[in-house]
1. Hey, can you tell me all the residues within the stretch A:44-65 that are within 10 Å of DNA strand C (Cβ to nearest atom), at pLDDT 95 or above and over 14 Å from the mean Cα position of the chain (by Cα)?
2. Restricting to the stretch A:75-96, give me the number of residues that are of a type in the set (D, E, K, R) and open to solvent by 80 Å² or more (accessible area, probe 1.4 Å).
3. Would you mind stating whether A:Asp72 is farther than 22 Å from B:Asp97 by Cβ, open to solvent by 50 Å² or more (accessible area, probe 1.4 Å), among the acidic types (Asp, Glu) and within 16 Å of DNA strand D (Cβ to nearest atom)?
4. Looking only at residues that are within 16 Å of DNA strand C (Cβ to nearest atom) and within 21 Å of B:Ala32 (Cβ to Cβ) in the stretch B:80-114, which one is farthest from the other protein chains (Cβ to nearest Cβ)?
5. So which of B:Gln16, B:Gln25 is at the interface with chain A (Cβ under 8 Å from one of its Cβ atoms) and within 15 Å of the chain's Cα centre (by Cα)?
2 protein chains.
Amino acid sequence: MPQNDISSQMLKGILQGCLLILINQRPYYGYAISQELSRYGFADVPKGTIYPLLMSMEKKGLIIGKMQPSKDGPQRKYYHITATGKQARQIFLNKWDTLSLNVNDLINERRNDS
Amino acid sequence: MPQNDISSQMLKGILQGCLLILINQRPYYGYAISQELSRYGFADVPKGTIYPLLMSMEKKGLIIGKMQPSKDGPQRKYYHITATGKQARQIFLNKWDTLSLNVNDLINERRNDS
DNA sequence: AATCACTAGTTTGTAAAGCAAAATAGTAAT
DNA sequence: ATTACTATTTTGCTTTACAAACTAGTGATT
């Protein structure tokens, strides 16, 4: 399967892709991610979604979490990106380009249908 | 919840949105949809995904299927869009605009992170 | 000291979705 | 007859979404 096919995994993977973009920039912990995401229109991604997703990403070896104490509250689990995670991030970027181009094509070729 | 928030429903709903775009143009049957989608990079969306999705869209009242005989093989179930479906299509178009803008922002503001 | 508000993460349980695969069925060519 | 292509439905397994409950730390208010 070519890297740039749009699979349903892709459709589901946009959130994971966005997390990889964020964590690639610098280590993030879950709570901060949900705040950062809301700045990009992902309003209130539930923690019941984001924490299990981070755990599954760690299980896949894309990120690694490290507990660190905080003076402002309980410990924070900072996630760092791995080499595998960097690869996955690049694949996501390519797939996102393809997806958005193709969806826009599909839409634009039917612009005048009401 | 504001219409233009990106929800996880949105992430899952891209395929449904694309089906609404197609069926809004003219009636389609499942098999033809999967062929049309492959022209837009949605390579081989499995029939185990597409047929149940069409059925759930009919259940939601977005489309209506009508069986019609074919000279080239078994009957085809042509799906027609409903008024509710047209509304859902418009909502999808708005949400897609928001999603792609926000994801592109998130990516572009971190362009230089390797 | 007790409560509240905010931060922070894990776990649990249910519902829904994704999808491979099998079952059914029609046409047409070999 | 068999194969090949078209076409839809159904079954069963796995994964995902996520609300809700639970644990736990800090700091301010009562």
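The values are calculated or read from the model by the stated rules, or taken from the named source; none is laboratory data. Only a predicted model underlies this, so the values are computations on that prediction, with no experimental measurement involved. Note: ideal-geometry Cβ built from the backbone for every residue, glycine included; neighbour counts use all protein chains shown. All accessible areas refer to the heavy atoms of the entire protein, side chains included, with ligands and DNA or RNA removed. Shrake-Rupley method; radii C 1.70, N 1.55, O 1.52, S 1.80 Å.
1. Scanning the stretch A:44-65 gives a single hit, A:Gly65.
2. 1
3. yes
4. Among them, the one singled out is B:Ala88.
5. Values: B:Gln16 fails: at the interface with chain A (Cβ under 8 Å from one of its Cβ atoms).
That would be B:Gln25, the only listed residue that is at the interface with chain A (Cβ under 8 Å from one of its Cβ atoms) and within 15 Å of the chain's Cα centre (by Cα).
Conditions (1) surrounded by fewer than 19 Cβ atoms within 10 Å (Cβ to Cβ); (2) in contact with a strand residue (DSSP E or B) (Cβ under 6 Å, 6 or more places away or on another chain); (3) at positive phi, marked per residue:
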| residue | (1), (2), (3) |
| --- | --- |
| B:Gln16 | no, no, no |
| B:Leu37 | no, no, no |
| B:Asp44 | yes, no, yes |
| B:Leu53 | yes, no, no |
